[in-house]
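What follows is a set of notes on a single structure, which appears directly below.
The values are calculated or read from the model by the stated rules, or taken from the named source; none is laboratory data. Everything quoted here is computed from the prediction, not taken from an experiment. A quick note on method: Cβ atoms are made from the backbone with ideal geometry, for glycine too, and the neighbour counts reach across all protein chains shown. Each accessible area value is taken on the protein alone, full model and side chains, heavy atoms only, with ligands, DNA and RNA left out. Shrake-Rupley method; radii C 1.70, N 1.55, O 1.52, S 1.80 Å.
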Amino acid sequence: MLVYIARRLGAGIILALLVTFITFMLLSTSFEDVALTILGPAATPEVTAGLMAEKGWDRPAIVQYFDWLAHAVQGDFGESVYTSLPVAPTVMQRLLVTLSVIVPALLLTVVLSTFLGVWSASRGGVVDKISQGISLVGYIVPGLLLAIGLVVIFAVQLKWLPATGFTPISEDPGAWARSITIPVIVLTIGGVANMAAQVRGRMIDELRQDYVRTLRTRGISTTSIVIRHALRNAGSPALTVMSLEFISMFGGALIIENVFALPGYGSFAFNASLQGDIPVIMGIAAFGVLLVTVVNLTTDLANGWLNPKARVH
Amino acid sequence: MSTQDGPLTETMTTPSTELIVAMEDAAAAARTPMWRRLLKDPQFVVTAGILIFIFMLGLLTPLLTQHGPNEADLSMVNAPVGTPGYPLGADETGRDIWTRLLHSINTAAISALIGAGVALVVGVIAGLVGGYFGKVTRAVTEWTFNLVMTFPGILLLIILMPVTGGDYRFTMLIFGVLLSPGIYRIVRNLVVGVKNELYVDAARVSGLGNLRILSRHVLFVVRGPIIIAGAFMAGSAIAVQSGLAFLGVGSIQIPSFGAMISSGFRNLYVAPTQFLWPSLMLGLITASLVLLGNALRDTLEGSKPKPVKVGRGQKVVERAETQQRDSTRLVEISDLGIAYRGPSGRAREVVSGVSLTIDRGQVVGLVGESGSGKTQTAFATLGVLPAEAIITRGSILFDGEELVGRTDKQMRALRGTAIAYIPQEPMSNLDPSYRVGAQLVEGVRAALGVSRKEARARVLALLERCGIADPVRTFDSYPHEISGGMAQRVLIAGAVASRPRLLIADEPSTALDVTVQAEILDLLRDLQAELDMAILLVTHNFGVVADICDRIVVMKKGVIVEAGATLDVFRNPHDDYTKMLLGAILDESTVRTDPAVVAPAEGAVR
């Protein structure tokens, strides 16, 4: 088990190195533009070169990357070129806003998808048609349109929920819950549409397995066969779907945050990127990878617990 | 160590009768050309029609519009719908919405082409390389694509804005690479499959170069799934491009749905319709692409198995008279008919009018080739026929009680206690997620209602009785940790746990090594004598029958062709088919070293 964890962790570290390295190399072409943006259009080439030298941007990109990396592993991600605020705390704060939308949405997605998927795979007929229909509708409506539609209905017309803005949970849990309700619904609908179909497919496959028939011939109850046996076996592939779902929700959240003016990762990344604030962009990339690594590792551990065969590999 | 993964076992353990019906059905469907089947599908025709119409509008933009996409007229700011020259009105800066809508269609089309195109090129090439060449290449590509898949693509597209300069075409190029793992998987899996098929080997032997093998054979097989994936990827490319444009990533000079929605959203209170048009168009395009993809999938790949209610009980066309009839026999099957309805809806009888009897403590061999209906007859007696099967006629009396037409719940009372079952393929018949002991304990408790402790003691004793040397160890093992022969002993222990009156054994030794086969049959014979249970032994092997059966029933194509005492049938077979089967067995017994039909090397994998 320890070897297993170590190997997964290793893969995560490699992903982190690779993504930050590629990002840095690609961004390194635009250092001069950044210097020009800071200094304004009137800057002479000498002044620009001076700033480049002062910031160390005139060194070869690879040297700069390893310099960045050496600091990053000690927790020092530098500071914003424009605001001089330290990168790490700002990034963390923005990430928490986005996570406070994604985590509830993911939990809801998992619960609802498992329920819908198991329900339609073990009942069939009309029940299956209904749940398939729900999935299809969720799938064909783009999240962006859904977000705007719900804002128009619930915030603008009915005035039940705030249209935009975010209240941290520490300030007022009630206001927090209201401010994330519509974004969570939007992400959940998209997530359920995808994941329920996956759970359903896995469950149908499992219920057709030989061992299910053999268990039935021993007089074991239907509930136990569906929940204890088929769902348990379908759970391990469903977990992989869940981790991919998390990642795609993360991407989706970046866009819909904008609809609700949530001060999350998306708008932050967008602004940093627009300004070419390279240290901030690197921090955003690094924390993004870190998050993905944590999610994947958690998934793998849960998978090892669910699926006895996975523990060996 | 475990042989139960992979498609081989899957087809092997599916009841062959089902497979035959499905294959005949598919063959009938395949006679109609693909495009004709597509044109018959209303979902395909409607969605493809909508998309063609929309993209034609996009192509004809210069003819249909009077303004430029960025041509602003301050006197027209927020002009209402129907203003002359501005059929859909004008936006916050006085630009014609109709013109911008048509230009946005083209932006969407280009995004889809670049995104899906790059994903296809990268995915197909990598898939061919990863699937066709050796293990090292495959491991490297596999690993790379797993990495690509785990990173949130939209975040990458946003943070690379300084590099792409916000050009949506460049962005879509990167997005295409991010989409490619999906295509890579499809192609790689198919290539690995095709590679193992004979015709590629044949082509290789006949001296065709690698490149030609790849392009000729593999691309042909792969085209269907790629077309399907293409539709879905085009949809997500358009959705992502719109999302990014909505955020503001990209040039404001490029008209796109996202930019229009964003401007309409800002103007929501002033002019709500501005937001409506691009949203409707975007929704229509993405929905059509998804539905088109679904229609393509259904037609090109055939429909997936539909779910059925678990524990619904077997389907019966007309119920036999359910009153109890006097029967001195343990089992009396009369005029049993079982039919399958293929995906096209044609019902075909696979068991037609089978009648047979089993006395208490008697061992009856039900012999026949694959697809003769012998397993179906056995499943009907257990009440576990697959959902697609229908009992068309006849009756099954067990101890004088009618089984046909019983609900699953009523059958459950008998299963495990009075009727038990031993399957053919031991490995796939154990739940891989639970320890062997836990599975047996659950069965014993369900059947006998004893305490957990009692059930455990009973299971341990049974495992020992069934010839397992270290019962405690096996009890605590997962199915993948034990060998095939041991798994079969475990299943036998599970079946006889409650001293059933009838044991149905479906080819109990076929999947095992020859030496293990004999031991398993010995075990069955001993248990039969000990517990005085009747056995219905389903097999294609007359050698097995001769060993332990009192009576033989021979089936062919769903009907019984011969029945009688074992010795009589052996000495004096009447039917030609029986003679043929007997002949085959006598040949086989002279070369006893032959491995069993499906015997993957399964030594003791302790």
Being open to solvent by 10 Å² or more (accessible area, probe 1.4 Å) and more than 29 Å from A:PHE24 (Cα to Cα) narrows it down to one of A:LEU306, A:LEU291, so name that one. A:LEU306
For the stretch A:84-126, give me the residue count where each residue is among the polar types (S, T, N, Q), more than 14 Å from chain B (Cβ to nearest Cβ), open to solvent by 10 Å² or more (accessible area, probe 1.4 Å) and over 18 Å from A:ARG178 (Cα atoms). 4
Flag for A:GLY266 being open to solvent by 20 Å² or more (accessible area, probe 1.4 Å), touching a residue at least 40 places away in the same chain (Cβ under 8 Å) and within 11 Å of chain B (Cβ to nearest Cβ): no
Within 14 Å of chain A (Cβ to nearest Cβ), buried (at least 23 other Cβ atoms within 10 Å of the Cβ) and of a type outside the set (Ser, Thr, Tyr), is that true of B:LEU147? no
Which pairs do you get when a residue that is more than 7 Å from chain B (Cβ to nearest Cβ), found in the stretch A:216-230, comes within reach of a residue that is among the polar types (S, T, N, Q), reach meaning Cβ atoms under 8 angstrom, with the pair 6+ apart or on two chains? A:ALA230/A:SER122; A:ALA230/A:GLN209
Kindly check whether there is at least one residue in the stretch B:492-508 that is away from chain A (no Cβ under 13 Å), of a type outside the set (S, T, N, Q) and within 24 Å of B:GLY543 (Cα to Cα). no
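Got at least one residue in the stretch A:298-310 being in a helix (DSSP H, G or I), β-branched (Val, Ile, Thr) and within 7 Å of chain B (Cβ to nearest Cβ)? Lay out the reasoning, then the answer.
Initially, the stretch A:298-310 is screened for residues in a helix (DSSP H, G or I), giving A:298-306.
In the following step, the residues that additionally are β-branched (Val, Ile, Thr) were identified as A:298-299.
Add one more test, that the residue is within 7 Å of chain B (Cβ to nearest Cβ), and what stays is none.
No, the conditions are met nowhere in the stretch A:298-310.
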For the stretch B:507-521, does any single residue satisfy the condition of being without any contact (Cβ under 8 Å) to a residue 24 or more places away in the chain, over 32 Å from the mean Cα position of the chain (by Cα) and either open to solvent by 10 Å² or more (accessible area, probe 1.4 Å) or within 30 Å of B:GLY371 (Cβ to Cβ) (or both)? yes
Could you tell me whether B:ARG329 is assigned to a loop (DSSP other than H, G, I, E, B) and at pLDDT below 75? no
How many of the residues making up the stretch B:56-81 are open to solvent by less than 50 Å² (accessible area, probe 1.4 Å) and touching a Gly at 6+ places or on another chain (Cβ under 9 Å)? 4
Given (1) assigned to a helix (DSSP H, G or I); (2) facing chain A (nearest Cβ under 10 Å); (3) open to solvent by less than 30 Å² (accessible area, probe 1.4 Å), number of the condition B:ALA126 does not satisfy: (2)
Look at the stretch B:556-581 and say how many of its residues are outside any helix (DSSP H, G or I), open to solvent by less than 40 Å² (accessible area, probe 1.4 Å) and without any contact (Cβ under 8 Å) to a residue 60 or more places away in the chain. 3
The stretch B:495-506, residues that are in contact with a helix residue (DSSP H, G or I) (Cβ under 6 Å, 6 or more places away or on another chain) and either β-branched (Val, Ile, Thr) or open to solvent by 50 Å² or more (accessible area, probe 1.4 Å) (or both): B:VAL496, B:ARG499, B:ILE504
Among the candidates B:ASN196, B:ASN146, single out the residue that is modelled with pLDDT of 75 or more and out of contact with any strand residue (DSSP E or B) (no Cβ under 9 Å at 6 or more places or on another chain). B:ASN146
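So which of B:LEU219, B:LEU284, B:LEU291, B:LEU300 ends up being modelled with pLDDT of 90 or more, open to solvent by 20 Å² or more (accessible area, probe 1.4 Å), of a type in the set (A, V, I, L, M, F, W, C) and assigned to a helix (DSSP H, G or I)? Reasoning before the result, please.
Details: B:LEU219 fails: modelled with pLDDT of 90 or more; B:LEU291 fails: modelled with pLDDT of 90 or more; B:LEU300 fails: modelled with pLDDT of 90 or more.
Just a single option satisfies the conditions, and that option is B:LEU284.
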Taking the stretch A:131-165 and the residues there that are within 10 Å of another protein chain (Cβ to nearest Cβ) and assigned to a loop (DSSP other than H, G, I, E, B), the one that is farthest from A:VAL192 (Cα to Cα) would be A:ALA163
Positions within the stretch A:53-83 being under 24 Å from A:GLU32 (Cα atoms), among the polar types (S, T, N, Q) and open to solvent by 60 Å² or more (accessible area, probe 1.4 Å), in sequence order: A:THR83
Could you please tell me which pairs satisfy a Cβ distance under 6 Å, a separation of 6+ or placement on different chains, a first residue in the stretch A:183-199 that is under 14 Å from A:GLN132 (Cα atoms) and in a helix (DSSP H, G or I), and a second residue that is β-branched (Val, Ile, Thr) and at pLDDT below 90? A:MET195/A:VAL241; A:GLN198/A:VAL241
When you look at B:GLY131, is it open to solvent by less than 10 Å² (accessible area, probe 1.4 Å) and at pLDDT below 80, yes or no? yes
Inspect all residues belonging to the stretch A:183-203 and state whether any of them is out of contact with any Phe, Trp or Tyr (no Cβ under 8 Å at 6 or more places or on another chain), at the interface with chain B (Cβ under 8 Å from one of its Cβ atoms), open to solvent by less than 10 Å² (accessible area, probe 1.4 Å) and among the aliphatic types (A, V, I, L, M). yes
Go through B:ARG465, B:ARG445, B:ARG435, B:ARG473 for me and flag whichever is more than 25 Å from A:GLY235 (Cβ to Cβ) and either facing chain A (nearest Cβ under 10 Å) or surrounded by 17 or more Cβ atoms within 10 Å (Cβ to Cβ) (or both). B:ARG465
Quick count over the stretch B:246-262, residues being within 16 Å of B:LEU102 (Cα to Cα) and assigned to a helix (DSSP H, G or I), is 5
Cβ-Cβ distance below 7 Å, separation of 6 or more or different chains: which pairs start in the stretch B:153-180 with a residue that is within 10 Å of chain A (Cβ to nearest Cβ) and over 11 Å from B:ALA237 (Cα atoms) and end on one that is buried (at least 24 other Cβ atoms within 10 Å of the Cβ) and among the acidic types (Asp, Glu)? none
When the residues of the stretch B:222-261 are narrowed to those that are among the small types (Gly, Ala, Ser) and either open to solvent by 20 Å² or more (accessible area, probe 1.4 Å) or over 25 Å from B:VAL290 (Cα atoms) (or both), which ends up nearest to the other protein chains (Cβ to nearest Cβ)? B:ALA239
